[in-house]
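Working notes, structure below.
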Amino acid sequence: MLYPKNLEQKLGFDTIKELTSERCVSDLGRSFIDKIRFSDNYSMVKKLIGQTAEFKLILPLAESRLRTLRNSRKYLKASQNTLLAS
């Protein structure tokens with residue numbers, strides 16, 4: 001099916017890309033967002049939605065583990081300082 005050239009603007013896809021790009025913390029992320037295009041390929045869209053859902057499940061676990069590692073480092077450093085002071 002042929003879509004008009006301004007389909008992304010009509011659907012607000014360009015606005016979503018712009019808002020997402022503003023939240024990127026690096027140029028690499030922004031360049032990735034710039035490459036994203038509207039797709040009418042159902043199987044590709046379904047795959048990408050699945051990957052997004054998986055990432056949304058993984059992200060909180062990764063953040064939790066990072067917090068645990070940071071806390072562990074703090075306690076290890078405090079223990080090391082105590083041992084050195086003895």
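Taking ALA85 as meeting all but one of (1) surrounded by 10 or more Cβ atoms within 10 Å (Cβ to Cβ); (2) at pLDDT below 85, write down the number of the exception.
Tallying (1) surrounded by 10 or more Cβ atoms within 10 Å (Cβ to Cβ); (2) at pLDDT below 85, ALA85 fails exactly one: (1).
What's the number of the only condition in (1) under 22 Å from GLY12 (Cα atoms); (2) without any contact (Cβ under 8 Å) to a residue 12 or more places away in the chain that LEU66 fails to meet?
The failed condition is (1).
Scan the stretch 26-49 and tell me whether some residue there is touching a Cys at 6+ places or on another chain (Cβ under 8 Å) and of a type in the set (A, V, I, L, M).
Yes, the stretch 26-49 has at least one match.
Can you pull out every residue in the stretch 1-21 that is among the aliphatic types (A, V, I, L, M), modelled with pLDDT under 90 and assigned to a helix (DSSP H, G or I)?
LEU7
Take the stretch 35-58 and flag every residue that is surrounded by 11 or more Cβ atoms within 10 Å (Cβ to Cβ) and under 23 Å from GLN9 (Cα atoms).
So the first thing to find is which residues in the stretch 35-58 are surrounded by 11 or more Cβ atoms within 10 Å (Cβ to Cβ), and the list is 36, 38, 45, 47-48.
Selection gives ILE36, PHE38, VAL45, LEU48.
Mind telling me which of the residues LYS74, LYS47 ends up being at pLDDT below 90, assigned to a helix (DSSP H, G or I) and basic (Lys, Arg)?
Going through LYS74, LYS47 in turn, the sole match is LYS74.
The values are calculated or read from the model by the stated rules, or taken from the named source; none is laboratory data. All figures in this text were calculated on a predicted structure; none of them were measured in a lab. Note that we place each Cβ from the backbone using ideal geometry, even for glycine, and neighbour counts take in every protein chain shown.
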